[in-house]
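Below you'll find the structure, written out as structure tokens, and then a few comments.
The values are calculated or read from the model by the stated rules, or taken from the named source; none is laboratory data. No experiment lies behind these values; they were computed from the predicted model shown. When we count neighbours, we look across all protein chains shown, and the Cβ atoms used for this are built from the backbone with ideal geometry, even at glycine. For accessibility, only protein heavy atoms count, side chains too; no ligands or nucleic acids. Shrake-Rupley method; radii C 1.70, N 1.55, O 1.52, S 1.80 Å.
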Amino acid sequence: MPEPKRLVKPLESFVQELALCVATNGDRGPALLWPENSETLPELLRIARLAYHQEQWPYASDAAPPRTDECPQGPGAPGEEAEPLLLASALGALLELRVRPSFRFMHSMSVGEQQASSTVEYTVTVLEGACRCRLTRTDGIPGSTVDLRLRAGGTLFVPRDHAYTLLDVHTPTVLMELLLGEAN
């Protein structure tokens with residue numbers, strides 16, 4: 001019987017750090033995380049590429065693939081295409097939540113739609129490129145908007161009752177978003 005697929009060490013480390021960040025900040029507010037392991041970002045970018053067929057990768061053409069919550073098979077060794085789901089499953093097990101991964105490929109001058117929910121949390125990891133992120137509370141507290149620049153390697157934790165909008169994309173940008181919990 002084949003041995004179950006495990007995450008490589010940099011991804012295991014990322015999952016543990018992210019789980020600690022979410023558990024620590026979940027009821028306190030947003031947080032920005034930079035992984036300790038220098039190999040984490042290249043590994044995350046590798047699994048993003050595996051989530052899509054090579055001809056759909058945004059640098060191969062002008063047409064970006066659609067955003068998806070399910071990762072289609074991509075190139076690579078058998079089983080590698082399941083790594084985003086394995087990462088989500090490992091994080092979900094630590095947090096005791098359902099975690100769903102998705103990837104977003106943003107071209108220069110694009111703007112992302114607002115993501116908001118009162119029942120779920122998000123993490124947004126910039127794998128390549130950079131963008132501005134406007135983070136607001138959705139519960140109507142005045143003056144609770146924060147603008148920040150997200151760069152490759154950074155992960156933003158967005159707690160419940162917050163919304164984020166991605167702006168000012170000046171270079172092609174690849175994001176991994178994790179939805180923590182059930183959608184409305």
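Details
- The set of residues from region 118-128 being open to solvent by 20 Å² or more (accessible area, probe 1.4 Å), under 15 Å from the mean Cα position of the chain (by Cα) and of a type in the set (S, T, N, Q) is empty.
Conditions tested, residue by residue: (1) modelled with pLDDT of 90 or more; (2) more than 14 Å from the chain's Cα centre (by Cα); (3) of a type in the set (Lys, Arg).
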| site | (1), (2), (3) |
| --- | --- |
| LYS5 | no, yes, yes |
| GLN16 | yes, yes, no |
| GLY26 | no, yes, no |
| GLU55 | no, yes, no |
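- Tally of residues being touching a Leu at 6+ places or on another chain (Cβ under 8 Å) and either buried (at least 17 other Cβ atoms within 10 Å of the Cβ) or within 23 Å of THR40 (Cα to Cα) (or both) across region 129-162: 15
- Residue list for region 147-163, filter: touching a Ser or Thr at 6+ places or on another chain (Cβ under 8 Å), outside any loop (DSSP other than H, G, I, E, B) and more than 16 Å from ALA48 (Cβ to Cβ): LEU156, PHE157, VAL158, HIS162, ALA163
- For region 91-111, a residue qualifies if it is in a helix (DSSP H, G or I) and in contact with a Ser or Thr (Cβ under 6 Å, 6 or more places away or on another chain), but none of them does.
- Of all residues in region 100-117, those satisfying the criterion of being open to solvent by 20 Å² or more (accessible area, probe 1.4 Å) and in contact with a Leu (Cβ under 6 Å, 6 or more places away or on another chain) are ARG100, VAL111.
- Selection from region 164-173 of residues that are surrounded by fewer than 22 Cβ atoms within 10 Å (Cβ to Cβ) and either of a type outside the set (Ser, Thr, Tyr) or not in a strand (DSSP E or B) (or both): LEU167, ASP168, VAL169, HIS170, THR171, PRO172
- Whenever a residue of region 23-39 is open to solvent by 70 Å² or more (accessible area, probe 1.4 Å), its partners that are in a loop (DSSP other than H, G, I, E, B), lying with C-beta atoms within less than 7 angstrom and at least six residues away or across chains, give the pairs LEU32/GLY154; TRP34/GLY153; TRP34/GLY154.
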